[in-house]
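Below is one structure, written out as structure tokens; the observations come after it.
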Amino acid sequence: MMLSNLIPALSSSYSILENQTISISPLGEGLIHETLLLDNGSHQWVLQGFNDMVFNFPDRIDYNLSLLSVHSESHPLPFVLPLPIPNKSGNGLTEIGGKKYRLFDFVKGKTLQLISDPTQAYSASLAYGEFAAWSTAIGGEKMLETIPNFHRLDLRFEKLVAVAGEKSDLSVEETEILDFYLSQQPLVDWYLSQLNVLPLRVTHNDTKINNLIFSEDLKKVEALIDLDTLMGGYLMYDFGDLVRTVACSLQETSTQWNAIHLIPEIFTQLLQGYWNGIKGIATPEELKSLLLGGEIMTLIMGLRFFTDHLQGNVYYRVTYPEQNFHRAKNQMIFLKSQQENRDILHEIWQKITLTSS
Ligand code: GN1
Ligand code: MG
């Protein structure tokens, strides 16, 4: 459907959009939902084309968000968690031309693909840490799984093994990257050893830097967005995805292979921020687990990108056919960089945990 053809249907579905002249344009860089900006000249909304191939259980999302909404009434947060605006029938999802849409108030501010100053790493991480502490009262076990086994590293690993096992025509470079990923079994084993040790928290599970809205001056976090993957998880997931996307010299889409590396100074800012957010709730085991969180999340994404490449780009949006392969290579290089820096990260961790406790 042409974008402008959406407007009449939206206007009849949402009372706030009735009898207005509204313009519509693409927004953002998300890989799953489609994101559009609606503007009536004085107010803006985000219209999201909901991806129900990826999110098969919209009711579970609604349920999780309702738990947050109730908790926020008595426990205000220093930033916004944007929730879908109900349509005239009281539903968050509206079906138009066979496709599902959601409407949100637009939160003014800036989104970043990469930080431009280390203080932004600190603010981003503090916000996610504060969110984890704030949501402890809700309880990770109360949340429903919106994508089953989303961050189960062992299952992501097994999936790649199965999909690659069916291919007999891998190129030399594909085989090299596959071998690297298969060599990560020890990290998968460590991950499995943590499952009975770490408490289940309410985690965001997609804490990449562009899922935050910063104030115009980039000093403050105004909103945490993309709340569909909110569910029970481990703190190392949220901290780890920050490391993956913020403490890396380049974005996950970069193909400048020689310039992709970990920035330990940014890791320091991230850890300090997250620690300040979670210090009231975290167990010693959780604090320790943060150290490998970045590796875990980078491995998960690398496995997922590579699997999607082998399956013909059925999941992630790509702008060219080799893009998922390149993303998998990018994540491999970044994972290697983290592994080469394990000692340095451990020293940073010790310094922060000793001085902050
Ligand atoms: C997807 O929708 P978006 O772009 O915020 C993905 C995340 C990945 C990310 C990689 C539901 O997030 O898990 O980390 O791409 N979300 C889902 O960029 O699969
Ligand atoms: Mg997003």
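Each reported figure results from applying straightforward, stated rules to the coordinates on display, with no laboratory input. Keep in mind that this is a model prediction, so the values were computed, not measured. Reconstructed Cβ throughout: ideal geometry from the backbone, glycine too, with neighbour counts over all protein chains shown.
3J(HN,Hα) along the range 306-319: 5, 4, 5, 4, 5, 8, x, 6, 8, 10, 7, 5, 10, 9 Hz, from the Karplus curve 6.51 cos²θ - 1.76 cosθ + 1.60 with θ = phi - 60°, whole Hz, x for Gly and Pro. Place a point 7 Å from the Cα of Asp169 along the Cα-to-Cβ direction; which residues of the range 314-357 have their backbone N under 15 Å from it? Flagged as within label range: none.
What does the charge dipole of the chain about its Cα centre add up to, to the nearest 20 debye, if the Cβ of each Lys and Arg holds +1 and the Cβ of each Asp and Glu holds -1? Please list the in-between numbers first.
Values: 26 positive and 41 negative charges, 86 e Å.
My answer is approximately 420 debye.
For Trp45, Trp349, Trp190, the sequence from fewest to most other C-beta atoms within 10 Å is Trp190, Trp349, Trp45. For the listed peptides 29-35, 66-72, a ranking on the average number of other beta carbons within 10 Å per residue, highest first, reads 29-35, 66-72.
Listed by chain and number, the lysines placed with their C-alpha closer than 24 angstrom to that of Lys329 are Lys159, Lys167, Lys208; residues fewer than eight positions away on the same chain are left out.
Taken over the alpha carbons of the range 314-357 as equal point scatterers, the Debye sum produces base-10 log I(q)/I(0) values at 0.20, 0.23, 0.26, 0.28 Å⁻¹ of -0.69, -0.77, -0.87, -0.93. With a ≥ b ≥ c taken as the square roots of the eigenvalues of the C-alpha gyration tensor of the range 22-164, please select rounded if a/c is under 1.5 and otherwise prolate if a/b is larger than b/c or oblate if it is not? Rounded.
To the nearest ten degrees, helix 58-74 and the longest principal axis of the Cα atoms of the chain are 90 degrees apart.
Note on the range 3-105: along the principal axes its Cα atoms extend 38, 33, 30 Å, ordered by decreasing extent.
Against the chain, whose longest principal axis is taken from its Cα atoms, helix 323-340 shows a tilt of about 50°. Computed over the chain with a Gaussian network model linking Cα atoms closer than 10 Å, the most mobile of Leu227, Leu290, Leu170 is Leu170. Summing Lys and Arg as +1 and Asp and Glu as -1 over all other residues whose Cβ lies under 9 Å from the Cβ of Thr146 gives a net charge of -1.
For the range 27-36, the Karplus equation 6.51 cos²θ - 1.76 cosθ + 1.60, evaluated at θ = phi - 60°, returns couplings of 8, x, 10, x, 9, 10, 7, 9, 10, 10 Hz by residue, with Gly and Pro reported as x. Listing Phe104, Phe214 from fewest to most neighbouring C-beta atoms within 10 Å gives Phe104, Phe214.
Give the long-range amide H neighbours of Met231: residues separated by 5 or more places, or on another chain, with amide H under 5 Å away, using H modelled in the peptide plane at 1.01 Å from N. Excluding prolines and chain starts, which carry no amide H, the hits are Thr203.
Relative contact order of the range 59-141: what whole-number percent is it, with Cα pairs under 8 angstrom and at least 6 residues apart? All intermediate terms of the calculation are to be shown ahead of the outcome.
Values: 38 pairs, mean separation 22.6, N = 83.
Taking the mean separation of contacting Cα pairs over the length of the range 59-141, I get 27 percent.
By the scheme Lys and Arg +1, Asp and Glu -1, what is the net charge of all other residues having a beta-carbon under 12 Å from that of Tyr274?
Values: positive: Lys279; negative: Glu130, Asp238, Asp241, Glu286.
Here the count lands on -3.
Here the spin labels are modelled as points 7 Å beyond Cα on the Cα-Cβ line, and at Glu216 and Leu77 they lie 2.5 nm apart. Using C-alpha pairs below 8 Å separated by at least 6 residues, the relative contact order for the chain is 19 percent. Amide H to amide H distances under 5 Å link Gln44 with Phe106, where only residues 5 or more positions off or on other chains count and H is placed in the peptide plane.
Spin-label model, Glu145 to Lys336: label points 7 Å out along the Cα-to-beta-carbon direction sit 3.4 nm apart. Converting phi to 3J(HN,Hα) with the Karplus coefficients 6.51, -1.76 and 1.60 and the offset θ = phi - 60°, the range 16-24 yields 5, 9, 5, 6, 9, 9, 10, 9, 9 Hz in sequence order, with x at every glycine or proline. For Val80, the residues whose modelled amide H falls within less than 5 Å of its own, excluding neighbours fewer than 5 places apart on the same chain, are Ala223, Leu224. Largest GNM mean-square fluctuation among Phe306, Phe106, Phe239, using the chain with Cα springs under 10 Å: Phe106. A helix-only calculation puts the chain at -15000 deg cm²/dmol for mean residue ellipticity at 222 nm, using -39500 (n - 2.57) for each DSSP H run of at least four residues, averaged over all residues.
Per the Debye calculation on the chain with a single equal scatterer at every Cα and no solvent contribution, log₁₀ I(q)/I(0) for q = 0.06, 0.09, 0.12, 0.13 Å⁻¹ amounts to -0.22, -0.51, -0.91, -1.07.
So what is the diffusion coefficient of the range 201-345 in µm² per second by Stokes-Einstein at 37 °C and 0.692 mPa s, using a Kirkwood Rh over Cα pairs?
Values: Rh = 15.9 Å.
This corresponds to a translational diffusion coefficient of 206 µm²/s.
Relative to the longest principal axis of the Cα atoms of the chain, the long axis of helix 342-356 lies at roughly 70 degrees.
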